[in-house]
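Report on the structure given below.
The values are calculated or read from the model by the stated rules, or taken from the named source; none is laboratory data. On a predicted model such as this, the values are computed, not experimentally measured, just so you know. All Cβ positions, glycine included, derive from the backbone under ideal geometry; neighbour counts span all protein chains shown. Ligands, DNA and RNA are excluded from the accessible area calculation, which covers all protein heavy atoms including side chains. Shrake-Rupley method; radii C 1.70, N 1.55, O 1.52, S 1.80 Å.
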Amino acid sequence: MTSPNDRIITAVDRLFDDQVRFLERLVGLRSLRNEEAAAQDFIEAALQERGYDVSRFRTDASKIGEHPAFSPATVDYAESWNVVGRKAATGTGGRSLAFNSHVDVVPAGSNHRWTSPPFEPFRDGDWLYGRGAGDMKAGLVASIFALDAIAAAGLSLRGEVQVQSVVEEEITGNGAATAFALGFTADAIVSPEPTDEQLVRANAGVIKFRLETKGRPAHPREPESGQSAIDLMIRLIGHLRGLEQKWIAERQDKPLFRDIANPVALTMGTISGGDWIASIPSDCAAEGRIGFYPGEDPKVRAAEFEAFLDRIQTEDPAFASERLVSLSWVGVMHAGYELPEGTDAEASLRAAHAAIHAGNELPSYVMACYLDAAVFSVHGNIPSLVYGPIAENIHGIDERVSLASLRRVTKTLALFAADWCGVQEA
């Protein structure tokens, strides 16, 4: 008689063409910040069709500053929707599982530089292209179809399972924080981010900020009477590179981060300034992020950042005449985490990975960025496994995901869910 695992693997293969078509439809739905409703409608309907008990809820702005999982935000959350589908356990003795994925994507940048429009997915050999294809709609779809395969194999899970489709991961993490605060937790969390079929052993904490500089506008016939806000911002960013180097040097005391060239990654993501081509610019604004190490309080790091800016404005003559710099916190302010060695959840994922990869060990690495898994790990002490498909150019031009890798990951997630939750004949 065919084993349950063989039946599940066969079911993944049988459903895979449908899975890719489903992914293409999802990638075609623009889910930029506060534009995620159509994509969430699609996920909600798909989960309802599959018999999930679906909850749809807004990201909760009222908990910002009140609950430690929430980060500062600067937008209205009236259209910021999260979706969670739950299926109750059948039978007894199983452990619960939540697949946590984010449906929001970052802007596509210069559309004309893409081989094909970023929200018109297309396939080329093994690759499926489109904004969000890798980060992380492929993983969200993999979790849905992994559970589909278990059902198609004639099996049901003995533990409760959730499919979480949240927003705000790319900026604040407040979608996952809202799900956590509402009690959408489980005995293990799996987040199928694009990790190249590796397990994330640790991630960095992150704080996101907005800086503004105030210049003195003037006519170019008398430039000495003015002061350029853009030049001030460039100078300020140069000083911040010094802070970045100081924080990078701390990696020597962090074994998991010691071999990463830049675990801090000061990134200035946007900049704008001036209002006329022939005027000394009056104002300039820039937004960015900087990382730090697991186990550290993000508020302590934010205070260190603030103190550094105060010192620069005192010591650098370009800033010393008056307060020319203002700072606001505009996104993620969250700690990182380290995944403890030896959890049952990790052992189960390792076994599932080996079953699909000819017995090969599951590799692991460190991700020096924010992950929603940190919400559940830091605030719930829940084993949170980040593991997903091979993807390239995420946040870049011509983002793409490997379909062969997606198939393997879907099989791995299905075997993991079956082992972790336990199965019985439906």
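Mean-square fluctuation check for the chain, GNM, Cα pairs under 10 Å: which of Ala249, Ala188, Ala391 is largest?
The residue that fluctuates most here is Ala249.
Using R₀ = 56 Å, calculate the FRET efficiency as 1/(1 + (r/R₀)^6) where r is the Cβ-Cβ separation of Arg50 and Val300; round to 0.05. Could the numbers behind the result be given before it?
On the way: r = 44 Å, r/R0 = 0.79.
In this case the efficiency is close to 0.80.
Tell me which DSSP H helices of the chain clear both cut-offs, 24 Å or more of axial length from alpha-carbon atoms and a mean Kyte-Doolittle hydropathy of at least -1.0.
Values: long enough: 4-27 (31 Å, -0.18); 229-249 (30 Å, 0.50); 298-315 (26 Å, -0.51); 403-421 (26 Å, 0.65).
Membrane-span-like by this rule: 4-27, 229-249, 298-315, 403-421.
Given a 1.4 Å probe, how much area per residue of the chain is accessible, in Å²?
For the chain, the per-residue accessible area is 40 Å².
Counting only protein heavy atoms, what percent of the accessible surface of the stretch 183-227 is carbon or sulfur at a 1.4 Å probe?
Values: 700 of 1610 Å².
That share works out to 44 percent.
Zone of Ser326 (label point 7 Å along Cα→Cβ, backbone N under 16 Å): which residues in the stretch 218-241?
Backbone N within reach: 229-230, 233.
Would you work out the relative contact order for the stretch 338-426, in percent, from Cα pairs under 8 angstrom that are 6 or more residues apart? Show your work: numbers first, answer last.
Details: 63 pairs, mean separation 28.1, N = 89.
Worked out over the stretch 338-426, it gives 32 percent.
I'd like the distance separating the alpha-carbon centroids of the stretch 269-317 and the stretch 155-175, in whole Å.
Measuring centre to centre over Cα atoms gives 33 Å.
Could you give the dipole magnitude of the stretch 215-333 about its Cα centre, charging the beta-carbon of Lys and Arg +1 and that of Asp and Glu -1, in debye to the nearest 20? Walk me through the numbers on the way to the answer.
Numbers: 13 positive and 18 negative charges, 52 e Å.
So the dipole magnitude of the stretch 215-333 works out to roughly 260 debye.
Would you please put 268-278, 297-307 in order of how densely packed they are, using the mean number of other Cβ atoms within 10 angstrom per residue and starting with the highest? Provide the component values of the computation, followed by the final result.
On the way: 268-278: 12.1, 297-307: 14.7.
Those peptides, ordered most packed to least, come out 297-307, 268-278.
Using DSSP to define loop residues, name the GluC sites (Glu not before Pro) in the stretch 48-81 whose beta-carbon has at most 12 other beta-carbon atoms within 10 Å. Kindly include the intermediate steps, with their values, before the conclusion.
Values: sites: Glu49, Glu66, Glu79; in loops: Glu66, Glu79.
Answer by residue number: Glu66.
Contact order normalised by length for the stretch 36-154, with contacts defined as Cα pairs under 8 Å and 6 or more residues apart; what percent is it?
Working: 106 pairs, mean separation 26.0, N = 119.
That works out to 22 percent.
Arrange the residues Ser116, Ser143 by how much accessible surface each exposes, largest first, with a 1.4 angstrom probe. Intermediate values should be presented prior to the final figure.
On the way: Ser116 25, Ser143 0 Å².
If we order Ser116, Ser143 from most to least accessible, we get Ser116, Ser143.
Which loop trypsin sites (Lys or Arg not before Pro) in the stretch 46-103, with loop taken from DSSP, have no more than 16 other Cβ atoms within 10 angstrom of their Cβ?
Working: sites: Arg50, Arg56, Arg58, Lys63, Arg86, Lys87, Arg95; in loops: Arg50, Arg95.
Filter output for the stretch 46-103: Arg50.
Could you identify which residue out of Arg251, Arg33, Arg235 has the top mean-square fluctuation in a GNM of the chain using Cα springs shorter than 10 Å?
Arg235
Within 10 Å, count the other beta carbons around each residue, average over each peptide in 405-418, 377-390, and list them highest first.
Numbers: 405-418: 25.8, 377-390: 22.4.
Ranking, from highest mean packing down: 405-418, 377-390.
Expressed as cubic angstrom per residue, what is the convex hull volume of the alpha carbon set of the chain?
So the per-residue Cα hull volume is 146 Å³.
Given the rule -39500 (n - 2.57) for each run of at least 4 DSSP H residues, summed and divided by the residues of the chain, what is its mean residue ellipticity at 222 nm, to the nearest 500 deg cm²/dmol?
On the way: 10 runs with 143 residues, N = 426.
-11000 deg cm²/dmol, from helical runs alone.
In the neighborhood of Arg408, defined by Cβ-to-Cβ distances under 14 Å, what is the net charge if each Lys or Arg adds +1 and each Asp or Glu adds -1? Each step should come with its number before you reach the end.
Details: positive: Arg407, Lys411; negative: Asp13, Asp126, Asp196, Glu197.
Within the 14 Å Cβ shell, the charges total -2.
Relative contact order of the chain, please, whole-number percent, based on alpha carbon pairs below 8 angstrom and at least 6 residues apart. Before the final figure, lay out the partial values.
Working: 958 pairs, mean separation 107.3, N = 426.
Relative contact order here is 25 percent.
Filter Lys63/Lys87; Lys208/Lys299; Lys246/Lys299 down to the pairs with a C-alpha to C-alpha distance above 20 Å, please. Can you show the working numbers first?
Values: Lys63/Lys87 27 Å; Lys208/Lys299 12 Å; Lys246/Lys299 18 Å.
In this structure, Lys63/Lys87 exceed 20 Å between Cα atoms.
Of all beta bridges DSSP finds with both residues in the chain, what is the antiparallel percent, to the nearest 5?
On the way: 48 of 64 bridges.
The antiparallel proportion sits near 75 percent.
Mind checking which of Asp316, Asp135, Asp60 has the largest fluctuation in a GNM of the chain, springs on alpha carbons under 10 Å?
Comparing Asp316, Asp135, Asp60 in a Gaussian network model of the chain, the most mobile one is Asp316.
May I ask for the distance between the Cα centers of the stretch 45-118 and the stretch 397-426, given as a whole number of Å?
Distance between centres, Cα-based: 19 Å.
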